[in-house]
Amino acid sequence: MKKFVSIILLFSVIFGFGVTLINPFGPTIFPVAGLLNKEVKTDIALDIKLWKTMDEATAYIVSKKVNFAALPVTFGATLYNKGVDVRLVGVYSWRLFYVVASPDFEFKGFQSFKGEKIYTAHGRGQTADIVMRYLLVKNGLEPDKDVTFAYAQPQEIVSLFNSGKIKIAAIPEPFVTMTLSKGKIILDLQDEWNKASGLKYGIPITGIFVTGKLVDYPQTVRLFEKSFKESLSWAYKNIDRAVEITSAQLGMPANVLKTSLQRSQYNYVSAADCKDEVLSYLRKLNELYPEGMPKVPDEKFFYTK
């Protein structure tokens with residue numbers, strides 16, 4: 001009976017009812033630009049909505065108005081731990097974060113950070129914050145004692161940095177590119193994470209999650225996954241057009257977005273193939289910031305059907 005219902009749902013999706021994806025309003029529009037602008041033809045009727053805040057994304061999911069969600073992996077894990085019905089299908093954003101510093105800052109290794117203040121985007125427990133804390137500890141420094149942290153929105157950090165009010169910041173692209181006329185890159189956080197953790201892909205930054213009842217219908221999930229991978233492939237084969245679409249959505253200069261892609265990595269890896277990377281990252285988050293990640297998700301967090 002369940003197989004019959006699954007087939008009915010699959011045909012319903014293909015022939016009109018469709019599914020909805022929520023995607024961050026930000027540079028991660030690039031991988032879905034082809035779907036957003038109907039440049040990529042799919043076997044699934046797909047509607048895409050853009051979210052700007054975590055609260056907005058959560059509201060979409062808990063109200064059961066969406067079927068798939070592109071979310072920070074850590075945020076998806078937090079929702080799962082709170083009982084929200086989300087499962088990680090795959091991770092596609094692995095390289096975005098760098099440490100930039102003013103031209104006169106002499107970086108000779110992590111000990112150079114002693115006594116300094118590092119700005120990171122958004123707040124405690126976000127990607128750059130966790131990775132920096134982990135790397136400081138691995139290199140013999142105590143976060144919040146030897147090195148202090150401050151938090152702000154990435155646009156504000158760029159403004160403060162370019163006006164000379166910030167010396168060091170750990171931020172993602174494309175904001176890194178926006179600081180380089182006034183500063184320099186001193187660390188690639190992905191390379192440092194790989195060296196310190198012994199893993200290979202980078203930092204599991206953003207993933208695709210399936211929500212609600214679609215968890216039980218793998219045919220539909222695989223159809224969506226196929227569409228997403230085709231859109232990502234199209235974006236890299238048609239970079240100028242994908243950047244143009246992303247730029248129009250964000251109101252950000254196309255040349256900045258295109259340059260930032262040189263230091264960004266969008267590479268889709270299924271949950272089954274990147275489980276070790278994700279678990280290692282979430283365990284480190286749990287160790288360093290238990291208030292934000294009280295426990296590591298169990299095996300059911302990973303959608304591997």
Would you confirm whether or not the stretch 150-172 contains a residue that is outside any helix (DSSP H, G or I), of a type outside the set (A, V, I, L, M, F, W, C) and either in the same structural domain as Asp43 (by TED's automatic domain parsing) or surrounded by 18 or more Cβ atoms within 10 Å (Cβ to Cβ) (or both)? yes
Considering only the stretch 184-208, how many residues are among the small types (Gly, Ala, Ser), surrounded by fewer than 21 Cβ atoms within 10 Å (Cβ to Cβ) and touching a residue at least 12 places away in the same chain (Cβ under 8 Å)? 2
Looking at Asp276, Asp240 in this structure, which one is surrounded by fewer than 20 Cβ atoms within 10 Å (Cβ to Cβ), closer than 18 Å to Gly90 by Cα and outside the structural domain of Ile171 (by TED's automatic domain parsing)? Asp276
Counting only residues that are modelled with pLDDT of 90 or more, hydrophobic (A, V, I, L, M, F, W, C) and touching a helix residue (DSSP H, G or I) at 6+ places or on another chain (Cβ under 6 Å), which one in the stretch 20-45 is surrounded by the fewest Cβ atoms within 10 Å (Cβ to Cβ)? Val40
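Take the conditions among the β-branched types (Val, Ile, Thr), touching a residue at least 24 places away in the same chain (Cβ under 8 Å) and under 23 Å from Val278 (Cα atoms) and apply them to Thr211. Does it pass?
Values: among the β-branched types (Val, Ile, Thr): yes; touching a residue at least 24 places away in the same chain (Cβ under 8 Å): yes; under 23 Å from Val278 (Cα atoms): yes.
In short, yes.
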Look through Ile208, Ile166, Ile157 and report the one residue that is touching a Gly at 6+ places or on another chain (Cβ under 8 Å) and aliphatic (A, V, I, L, M). Ile208
Where a residue in the stretch 97-116 is exposed (fewer than 13 other Cβ atoms within 10 Å of the Cβ) and its partner, wherever it lies, is part of a strand (DSSP E or B) and not acidic (Asp, Glu), with Cβ under 9 Å and at least six apart: Pro103/Lys184; Gly115/Val147; Gly115/Thr148
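The values are calculated or read from the model by the stated rules, or taken from the named source; none is laboratory data. Source: prediction; values computed, not measured. Glycine gets a Cβ as well: all are built from the backbone with ideal geometry, and neighbour counts include every protein chain shown.
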